[in-house]
Each structure stands twice: as structure tokens, then as C-alpha cells.
1. For the pairs Lys127/Lys172; Lys122/Lys163; Lys111/Lys149; Lys111/Lys173, flag any whose C-alpha to C-alpha distance is greater than 26 Å.
2. Which order do Leu51, Leu130, Leu56 take when ranked by solvent-accessible area (1.4 Å probe, heavy atoms of all protein chains), largest first?
3. Once you place label points 7 Å from the Cα toward the Cβ at Ala147 and Lys127, how far apart are they in nm?
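The values are calculated or read from the model by the stated rules, or taken from the named source; none is laboratory data. All values derive from a computational prediction rather than experimental measurement. Methodologically, a virtual Cβ is constructed for each residue, glycine included, from the backbone with ideal geometry; neighbour enumeration extends over all protein chains shown. We work out accessible area using only protein heavy atoms, side chains counted, and drop any ligands, DNA or RNA first. Shrake-Rupley method; radii C 1.70, N 1.55, O 1.52, S 1.80 Å.
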Amino acid sequence: MKRAGSLAVIGLFLLLLGCNKNDDSSDTPKEDLVGIWRLRERIENDRLITLGICDLKEVYVFGKDQYSHETYSQERVKYKAAGEPSKNAGISIFGSDDDYYTEIDNTINCKSNGVVLGTWTKIGGDKYQLKGTNTTENKTVELFFSADKKTFYLEQETRLAGKTYSSYSVYKKQ
């Protein structure tokens, strides 16, 4: 009987220890979103798109209330080639300015397209309002989280010439 009483007291203690009156508060931000998220893949019209090195640098950083979003693009690397025409020549027999440059193989410079800074709020479910403070980017997005909450994807639709195209960007938590 003593043993059953002890187990009941331990069980009650564990039950009380596990309860927290703030556990289900909908006013607190979804902690799953807070962190650094990097682009890992993109799907356009049901096709997996091969991403370049610069695409894979895209990042969302979510803080308690703020976020930043930075994208990158590949910058063309050019170097002057030997045999530049004389500056005194009237008409160049060497062609356009692009002919004086050669692109270096396997050299990729990623250039930031800029950083969007803003605030975010949870609307409900997995819907969030992202409001850019340094841009006109104001959008409501629905993030679809994986079961382990380490991946989410954004769905975007684009209309072009009367046709709707869908794309999904998949981000992984760092």
C-alpha cells in the first residue's frame, strides 16, 4: 500500500510539473519559425529546378518579431584580355567591348540582391504576415512545416499571359 501511495504522489508531482498555464497561448510567436533558414530546393510547375551556388545562399532569418530575407545572383566575372586596340584607332577591327573580356571558368561571384528587413506576425495556423520596413514587400504567406519542424516551404503563384504557374521554395533550418 505504501508503494501505491508513493507512486501516486510521484505521478501527481510529474503531472503538475509538466503543466504550464502558458503552454497553449496563441499570443506568443511560433518558436518553430525563429532561426536561420536556407533555401535548399525549388520546384516550378512540378519540376525540380537545379539551383546554382548563389541561389543556395538565399536566407531568411526570423527573430522574435523581425525578419530579414536576402537573395543572391551570379555576377559575371570579366578580365581584360591581351591585345587591346589602340585608343587612337578610329574604328575598331577587334569588335565590341565584350570581345576584350573573357569569362573565367569555375569562377563564381555571388552578389547580394539586397536585404529585405521587416516584421512578422502569426495570423493563425501556419499563416504569417511579413511586412517589409525597407521595401514595399508586404505579403501574407503560408508556411508548410515538415513533421520535424526543420523544413518549411513557401508556395508562390505567378500569372503570365493568362496562365498560372506555381513554384515551391524549400528552406531548411540551420
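1. Going by Cα-Cα distance, Lys122/Lys163; Lys111/Lys149 fall outside the 26 Å limit.
2. Result of the area sort, largest leading: Leu56, Leu51, Leu130.
3. 2.7 nm
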